[in-house]
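Written below as structure tokens is the structure these notes are about.
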Amino acid sequence: MILEIVTIQIKAGQEAAFEAAFKDASPLIASADGYISHELRRCLETKGKYINLVKWQTVEDHMVGFRESERFQQFRTIVSPFYESPSQMNHYEVVMQSPT
């Protein structure tokens, strides 16, 4: 499992509209092959800052299967007008987990 973390800064005053748009666009991510789950989190310290956490089976599921698809173009069209600056995206793999 790969965790994609996207850091997003939203234009001032556009937070509620962005959250609504993200909710509308979420099925586009969820329908992608290799998708596991996702969540959007709002930063408590910095107004307008969010992270989108997406779990994928593989990096290729995200970078090829989703990002090279029409669904990604639709997703970006819906949410990117709210971005103050380009988002920052990285993929992470598990190195250690707490014991269960």
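The values are calculated or read from the model by the stated rules, or taken from the named source; none is laboratory data. Computed from a prediction, not measured in an experiment: that's the story for all the values here. Quick reminder, even Gly has a Cβ in these numbers, built from the backbone with ideal geometry, and neighbours come from all protein chains shown. Surface areas here come from the heavy atoms of the whole protein model, side chains and all, with no ligands, DNA or RNA. Shrake-Rupley method; radii C 1.70, N 1.55, O 1.52, S 1.80 Å.
Residues in the stretch 9-41 that are in a strand (DSSP E or B) and either out of contact with any Leu (no Cβ under 9 Å at 6 or more places or on another chain) or among the small types (G, A, S) (or both): Q9, I10, Y35, I36, S37. Could you grab the pairs with beta carbons closer than 6 Å, sequence gap of 6+ or different chains, first residue in the stretch 1-20 and touching a residue at least 60 places away in the same chain (Cβ under 8 Å), second one part of a helix (DSSP H, G or I) and open to solvent by less than 30 Å² (accessible area, probe 1.4 Å)? Final answer for the pair search is E4/H62; I10/F18. Filtered by the rule that a residue be farther than 18 Å from I2 by Cα, in a strand (DSSP E or B) and open to solvent by 80 Å² or more (accessible area, probe 1.4 Å), the stretch 42-85 gives a lone residue, R42.
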